[in-house]
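The next block holds one structure in the form of structure tokens; read it before the comments.
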Amino acid sequence: MQRPQTGAFNPNVWSRVCEWLAIAFVVACYLSCGGGSGGASGTASGSAAGGGTTSGGSTTGGSTTGGSSGTGGTGSTGSGSTTMGTTAYATDVLMHHNDLARTGQMLAETTLTLANVNSASFGKVAFLAADGKVDAQPLFVTSLPIGGTTHDVVYVETEHDSVYAYDATTFAQLWTVSLIGSGETPSDDFSCPDFTPEIGITSTPVIDRSRGTNGVLYVVAMTKDSSGAYHHRLHALDLTSGAEILGGPTEIAATYPGNGAGSVNGLITFNPALHTERAALTLVGGNIYMGWTSHCMAGAYTGWLMAYGADTLRQTSVLNITPNGSQGSIWMAGSGMASDGTSIYVVDGNGTFGTTLNAAGFPVDGDFGNSLMKLSFGNLQVTDYFAMDNVVAEANADNDFGSGGVMLLPDQTTASGIVKHLAVAAGKDNLIYVVDRDSMGKFSPTANNIWQVLTGTLAGGIWGSPAYYGGVVYYGGWNDNLKALPVSGAFLATTAASKSPTTFAYPGATPAVSANGTSNGIVWAAENGTTGALHAYDASNLAHELYNSNQAGTRDQWGAGNKFITPMIAKGKVYVGATNGVAVFGLL
């Protein structure tokens, strides 16, 4: 649950060669340390497999897949189609936090350096106006041909259900579309302060440059019709025009067997009035994965996960993670589900956890509230999980585990030479949990049987996600400093190697990192408040603040901050979502 706990780029031959070299470097580096997703699923009958796409250091399989109908799902099995699309670049940002491990690192940034990011040479260079609040992270596509001209494009989505494409060099608007149906409006906010004044597009979309003719932006939008009924729809938009493609949009609907909140005769039906899509969309293995949170923690809601075919927009699987209980919603402060190419990882908010386990250590009632889960591709099933020993008490106290997102670490080697595949997550209880993805620990009422628990490292809870760069995990808690936690011998340091001079008020910060490979590492963080602020720190020493947007008086300010935004960095610029658009920072 979301409330705080109470008490001009025209590439010449040389620059194009450099970009391809950057792609090769980033992909090789990331995959060699085990972080990328690469798993391509089998192609459906009559389909042709497309190439993978690269985004900021990860690879996502580009094949088509039909998928399989999930238990209790309402969608039919999808059929594949030929993929076309356009080339991907290392400077693309196609998903939340740059890659499927959700590391937040952009490793192909050649313009911004430790020397030039300062208030004398760096600042706000533009503001991309929009018709509503921007809660979704902006996305970026490099060298996209539109009407015979090549553009670097920034994509912006608003709570007014609009999508914008802006030229990243001239800041000219290339196109805009509204996803509001005839006779509809964006949803009202149910008096929920996190989403005021309206709910439209809340979650970060995902882009696949390999599909369709020009690439596809997938986005979920919420609306309300004239009769008072609420709708969630999955849209697939052509990157060059915003036109609906792939037969979209698709109305979101689902059922699942269970006797939990809102069930009738042993069946739970997805209620669009009680849920919204906050977690960023995840595209892997030919499916779009989405996790649903509640509308301001009200009503008989449960935790839903769904998958839709990327080619067909047809539902391929459904999983309810509290089918015989309540709550357990998935929001992760807007972070996306993570993937290592073989599984999906998600952490949910407080809700019912079934403490009666079967012989394999899984809740017999299928209730996984307030836990970190490992899910199978295609037909969504929980294949492993971790729940803390006091999971029931934490859920009852509104101490959500799922107030923060999950991040996968590159392969780590212990002092004895054993390679570990680790994931990190943290929530409201001020603890950082490090799990072994090969053996996540499940539940025990007497012990947390996981790889590592960091106690006392954070001064406040987490309403966001960490970032990773150069062997260091960066966390920014509520009323806490941004902290650098080096990883050594497959263990996170329990005491920060450095920390920011800034203390971040609610909800803390979700950092992002820019670097040119292993050099010029900069950690970026957006500060919420009446006057929002962008901060930049030396990644090797967070005590060294390079820049913040208040240093030059009002020159670089853009107004109030957004609670759950993370900076996006691409080709020499930093983009920060705001209440009425996106602030753009770069060299002056």
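The values are calculated or read from the model by the stated rules, or taken from the named source; none is laboratory data. Computed from a prediction, not measured in an experiment: that's the story for all the values here. For neighbour counting, all protein chains shown are included, and Cβ atoms are generated from backbone atoms with ideal geometry for every residue, glycine included.
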Filter result (touching a Lys or Arg at 6+ places or on another chain (Cβ under 9 Å), among the basic types (Lys, Arg) and under 26 Å from Leu281 (Cα atoms)) within segment 391-450:
Arg437
Can you pull out the residues in segment 137-173 that are touching a helix residue (DSSP H, G or I) at 6+ places or on another chain (Cβ under 9 Å) and under 13 Å from Tyr575 (Cα atoms)?
Gln137
Here are some conditions: (1) modelled with pLDDT of 95 or more; (2) more than 23 Å from the chain's Cα centre (by Cα); (3) of a type in the set (Asp, Glu). Asp188 meets all but one. Which one does it not meet?
(1)
Given the condition within 21 Å of the chain's Cα centre (by Cα), surrounded by 24 or more Cβ atoms within 10 Å (Cβ to Cβ) and not acidic (Asp, Glu), answer yes or no: does some residue in segment 488-501 qualify?
no
Subset of segment 130-154, residues over 13 Å from Ala168 (Cα atoms) and modelled with pLDDT of 95 or more, comes to Ala130, Asp131, Gly132, Lys133, Val134, Asp135, Ala136, Gln137, Pro145, Ile146, Thr149
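Could you please let me know if Ala533 is over 24 Å from the mean Cα position of the chain (by Cα), farther than 17 Å from Ala426 by Cβ, at pLDDT 95 or above and not aromatic (Phe, Trp, Tyr)? It would help to see each step written out before you state the result.
Working: over 24 Å from the mean Cα position of the chain (by Cα): no; farther than 17 Å from Ala426 by Cβ: yes; at pLDDT 95 or above: yes; not aromatic (Phe, Trp, Tyr): yes.
Answer is no for this residue.
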Would you mind stating whether Lys428 is touching an Asp or Glu at 6+ places or on another chain (Cβ under 9 Å), basic (Lys, Arg) and buried (at least 23 other Cβ atoms within 10 Å of the Cβ)?
yes
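Restricting to segment 123-157, and then to whatever is farther than 21 Å from Gly215 by Cβ and surrounded by 24 or more Cβ atoms within 10 Å (Cβ to Cβ), can you tell me which residue is farthest from the chain's Cα centre (by Cα)? Spell out how you get there, then give the answer.
Our first condition is that a residue be farther than 21 Å from Gly215 by Cβ; within segment 123-157, this holds for 123-127, 129-135.
Checking the rest, the ones that are also surrounded by 24 or more Cβ atoms within 10 Å (Cβ to Cβ) come to 130, 133-135.
Numbers: Ala130: 21, Lys133: 18, Val134: 15, Asp135: 12 Å.
The selected residue is Ala130.
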Looking only at segment 279-294, decide whether some residue is touching a helix residue (DSSP H, G or I) at 6+ places or on another chain (Cβ under 7 Å), at pLDDT 95 or above and assigned to a loop (DSSP other than H, G, I, E, B).
yes
From (1) assigned to a loop (DSSP other than H, G, I, E, B); (2) over 21 Å from Ile252 (Cα atoms), pick out the condition that doesn't hold for Thr204.
(2)
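Just checking, does segment 470-477 include any residue being over 30 Å from Phe386 (Cβ atoms) and part of a loop (DSSP other than H, G, I, E, B)?
Within segment 470-477, none of the residues are over 30 Å from Phe386 (Cβ atoms) and part of a loop (DSSP other than H, G, I, E, B).
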Specify the residue that is farthest from the chain's Cα centre (by Cα); the eligible residues are those in segment 191-207 that are buried (at least 21 other Cβ atoms within 10 Å of the Cβ) and among the polar types (S, T, N, Q).
Thr202
If we keep just the residues of segment 272-289 that are among the small types (Gly, Ala, Ser) and touching a strand residue (DSSP E or B) at 6+ places or on another chain (Cβ under 6 Å), which is farthest from Ala333 (Cα to Cα)?
Ala273
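Quick grid of which residues meet (1) among the aliphatic types (A, V, I, L, M); (2) more than 30 Å from Ile201 (Cα to Cα); (3) assigned to a strand (DSSP E or B):
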residue	(1), (2), (3)
Val487	yes, yes, yes
Ser500	no, yes, yes
Val523	yes, no, yes
Gly529	no, no, no
His544	no, yes, yes
Tyr547	no, yes, yes
Thr554	no, no, no
Can you confirm whether segment 398-418 contains a residue that is of a type in the set (Asp, Glu), in a loop (DSSP other than H, G, I, E, B) and buried (at least 21 other Cβ atoms within 10 Å of the Cβ)?
yes
Inside segment 321-372, the number of residues satisfying the requirement of being assigned to a strand (DSSP E or B) and closer than 13 Å to Trp304 by Cα is 5
With the condition kept exactly as written, say whether any residue in segment 386-404 is touching a strand residue (DSSP E or B) at 6+ places or on another chain (Cβ under 9 Å), at pLDDT 95 or above and farther than 26 Å from Gly476 by Cβ.
yes
